[in-house]
Number of protein chains: 2
Amino acid sequence: MSESICPAIRRHAVLIKPPDRLTLESGLTLSPVEVTYETYGTLNSAGDNAILVCHALTGDAHAAGRYSPEDEIPGWWDDLIGPGKALDTDRYYVICSNVLGGCRGTTGPTSINPLTGQPHGADFPIVTIRDMVKLQKLLLDSLGVKRLVTVIGGSMGGMQVLEWAVTYPDFMASAIAMAVSAISTAQQIAFNDVGRRAIWLDPEWRGGHYYPGDGPTEGLSIARAVGTITYKSDHLWNERFGRRVEFAGDPFSRQGRFSIENYLAYQGEKLERRFDANSYLYLLRAMDLHNLGRGRTASGSWEEALETVSTRLLIVGINSDILYPTYQQHEMVCTLRRLKKEVEYFELDSPYGHDSFLIEFKIMNQAVAEFLDNL
Amino acid sequence: MSESICPAIRRHAVLIKPPDRLTLESGLTLSPVEVTYETYGTLNSAGDNAILVCHALTGDAHAAGRYSPEDEIPGWWDDLIGPGKALDTDRYYVICSNVLGGCRGTTGPTSINPLTGQPHGADFPIVTIRDMVKLQKLLLDSLGVKRLVTVIGGSMGGMQVLEWAVTYPDFMASAIAMAVSAISTAQQIAFNDVGRRAIWLDPEWRGGHYYPGDGPTEGLSIARAVGTITYKSDHLWNERFGRRVEFAGDPFSRQGRFSIENYLAYQGEKLERRFDANSYLYLLRAMDLHNLGRGRTASGSWEEALETVSTRLLIVGINSDILYPTYQQHEMVCTLRRLKKEVEYFELDSPYGHDSFLIEFKIMNQAVAEFLDNL
């Protein structure tokens, strides 16, 4: 598929300047608040041809294109964004911003706390998916967006999509949530707990105040390993490493390593180089706290919270997803149908697990384009 | 169900004394080698009514009964072992021993290295499932057992069962392997890798020489958390913690904890008190190296290794097992049938995941008793 959004341009905006402050769901406030984002395509004069793309845990604003022709890898959803693709930049103005609490240009624990002149570190306030969405709304307002064609994302990106649909039901014509649930489950929190504790255990974490050092790289790498296992599938591992897993070295020596161990270590090293461990902790907590129902109705039920949805929804499940199994999307779809909402369900048939929404572009282009064309 | 094996008696034997040495699969040797075991029932004069029970990763020799009537909890398979139960102690002489490399009375990293007068720690040699089985055979010989009615176990216990069937095919009338595969998969090794790295990361691990200190308790607790997640099922967590997971404290405070986090921490603390972290590392490695084919045939294939099996096999799979999914048992059964071996397959229908073989006693008693009665 063609890649024509080159160069991609990293943009930056200070959305909140002192004395203004961003009030978080916790009641705490933040100032200043900056956001890094990218846009592809052109906003029309009515301001209503925009699409917001929401990234997952370790994603960032660089969703499409290359900064220069020499860049080896384009943005993370490049196969879905561009002329003639599902998020067609000839028709739509596509926006992706780094989330609040992130470490890729938007205010987060690595940002300087103006009160101390030092990075916030572990003193950064706990942020939620709703806080991320609130900041995205400020960004869209500042860009002149009046209404979204759709808001789309998978995993943590899907959580943002669902919060958008509940919080700003009239601001969009549709919403597309992939590989996500309406509320985090104990198992999802448990996997995050393992990663979190590994980071905390790393002596280099230093209570969250490790800057300007490299920080808890091994803890972060272990957290990434847990994540990686749950983002893929047993089937994929068998396909990649074979049912006779390879071992490098003497199997009876402590130096010997299975190929899967080397692979996980390599994935960890890649993440260590581009991601901040504190930010990882904050985003894990934001995901753990994901609950469409919290504080919204007397019962706190996510089912009741969906009552406010007035947009057309496309819910995408992945049949090999071990982290957000399809019953969680089915639950949402059934609830939305019971509430007489307009909802479509698409089940992605793929052996690649949770990460399929970052891999199965051909089928996703079809499904998303068809949904948007029928709006 | 009645519990009548009281008191259970912990027994101990020095099976190898210097200058004799136990030669391991690695070619390294160990001496002395001691084993802790328990027996229930009486060996007949022919020595052929014995059943060997093999324990899983954190199990031990205490499979049934109570040491005193005040003991709150009986042995780990008490519901399966006793008069009138599937492993009927009125008929059978049941033996369970702590594995080589363990920390519950059998020689392992906590044992004193006679060369240094200190615990072996991380200088203990890497041991394999075959080494464990070799030591069990020595124990059975020393007890006067001539032939086994069956050898039975789940998970790491099931690995031992399979090695028994391949290594000593004429020594048993049957073998029962539960929730296990013929060779470890990349995903199983990956989960173990996370636990292993967490232990290594703990500063209290001290390169494996932490005795007489408590050692890497938090690292071990994290390893246990990964294990616990994979031993249960999403369904079980939802049943126990609800689809609206509870949170203790202020959700926006770092002190707040989800109930699943408290549960995992509690499970970790329980294990820390009774299990050695080095032993945990050695047993994880033994499981990672589990491969019925290693060194046995020119191809190294586990399928060909099964050719030597001459006993009747019962393979048990659990339909909610996320760690040893049923396709792994199906593979073995299909291979055994292709090789014209006598094999039965029983699929345990349970929502409780891998640990079901430690939980679903009613159905297991039926299935195991029926299999043994038909021998």
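The values are calculated or read from the model by the stated rules, or taken from the named source; none is laboratory data. Because the structure is a prediction, the values reported are computed rather than measured. So basically every Cβ, Gly included, is an ideal-geometry build from the backbone, and we count neighbours across all protein chains shown. Just the protein is used for accessible areas: all its heavy atoms, side chains included, with ligands, DNA and RNA removed. Shrake-Rupley method; radii C 1.70, N 1.55, O 1.52, S 1.80 Å.
Taking the inverse of the mean reciprocal distance over all distinct Cα pairs, the Kirkwood hydrodynamic radius of segment B:255-345 comes to 16.5 Å. Structural descriptor for segment B:41-108: relative contact order 39 percent, calculated from alpha carbon pairs under 8 angstrom and at least 6 residues apart. Between A:Asp141 and B:Asp250, the FRET efficiency from the beta-carbon distance, with R0 = 30 Å, is close to 0.50. Given the options B:Ala50, B:Ala173, B:Ala298, state which has the largest fluctuation in a GNM of chain B using a 10 Å cut-off (strictly under) for Cα springs. It is B:Ala298. Here the Gaussian network model covers chain B, with springs between Cα atoms less than 10 Å apart; of B:Gly59, B:Gly117, B:Gly153, B:Gly117 fluctuates the most. With chain B treated as a Gaussian network of Cα nodes joined by springs under 10 Å, which of B:Ala248, B:Ala13, B:Ala190 yields the largest mean-square fluctuation? Largest GNM mean-square fluctuation: B:Ala248. The spacing between segment B:1-79 and segment A:42-88, judged by their C-alpha centroids, is 62 Å.
A Förster radius of 25 Å, combined with the Cβ-Cβ distance separating A:Lys362 from A:His330, puts the computed FRET efficiency at roughly 0.55. For the protein assembly as shown, DSSP calls about 40 percent of its internal beta bridges antiparallel. What you get for segment A:189-285, charging only the Cβ of Lys and Arg (+1) and of Asp and Glu (-1), is a dipole of about 200 debye around the Cα centre.
Can you give the accessible area buried between chains B and A, summed over both chains, with a 1.4 Å probe, in Å² to the nearest 100?
On the way: alone 16450 and 16460 Å², together 27540 Å².
Summing both chains' loss of accessible area gives about 5400 Å².
Between copies, the label points of A:Gly295, set 7 Å from Cα on the Cα→Cβ line, lie 6.1 nm apart, reported in increasing order to one decimal in nanometres. Using only alpha-carbon positions in segment A:165-227, the gyration tensor eigenvalues give semi-axes of 33, 16, 10 Å once each is multiplied by 5 and square-rooted (largest first).
Cα centroid separation, segment B:156-184 to segment B:223-249: 31 Å. Coordinate range of the alpha-carbon atoms in segment A:189-285 per principal axis, descending: 43, 28, 22 Å.
Ellipsoid fit via the Cα gyration tensor, the protein assembly as shown: semi-axes of 52, 27, 24 Å, each the root of five times an eigenvalue, largest first. Across segment B:111-178, C-alpha contacts under 8 Å between residues 6 or more apart give a mean separation that, scaled by the residue count, equals a relative contact order of 29 percent.
Each copy carries a label point for B:Glu347 at 7 Å from Cα along the beta-carbon vector; from one copy to the others these points are 1.7 nm apart, nearest first. Here the calculated FRET efficiency for A:Lys340 and A:Asp373, from their Cβ-Cβ distance with R0 = 25 Å, stands at 0.60, rounded to the nearest 0.05.
Full extension of the chain between B:Thr116 and B:Asn319 yields a length gain of 68.3 nm, computed as 0.36 nm times the residue separation minus the alpha carbon distance. One Cα centroid belongs to segment B:314-348, the other to segment A:261-332; the line between them spans 34 Å. Taking segment B:36-116 as the region of interest, what is the percent of Cα-Cα pairs per 5 angstrom bin, listed from the shortest bin to the one with the maximum distance? That works out to 3, 15, 21, 21, 17, 11, 6, 3, 1, 0, in percent per bin. In nanometers and ordered shortest first, the copy-to-copy spacing of the B:Pro19 label point, defined 7 Å from Cα toward Cβ, is 9.2.
Across segment B:189-285, the mean sequence separation of Cα contacts (distance under 8 Å, 6 or more residues apart), normalised by length, yields a relative contact order of 31 percent.
Stokes-Einstein at 4 °C, 1.567 mPa s, Kirkwood radius from Cα pairs: D for chain B in µm² s⁻¹? Each step should come with its number before you reach the end.
Working: Rh = 21.3 Å.
Calculated translational D: 61 µm²/s.
In summary, the aspartates and glutamates within cross-link reach of A:Lys270, defined as a Cα separation below 19 angstrom excluding same-chain residues under 8 places away, comprise A:Asp60, A:Asp71, A:Glu72, A:Asp202, A:Glu204, A:Asp214, A:Glu218, A:Glu261, A:Asp355, B:Asp193.
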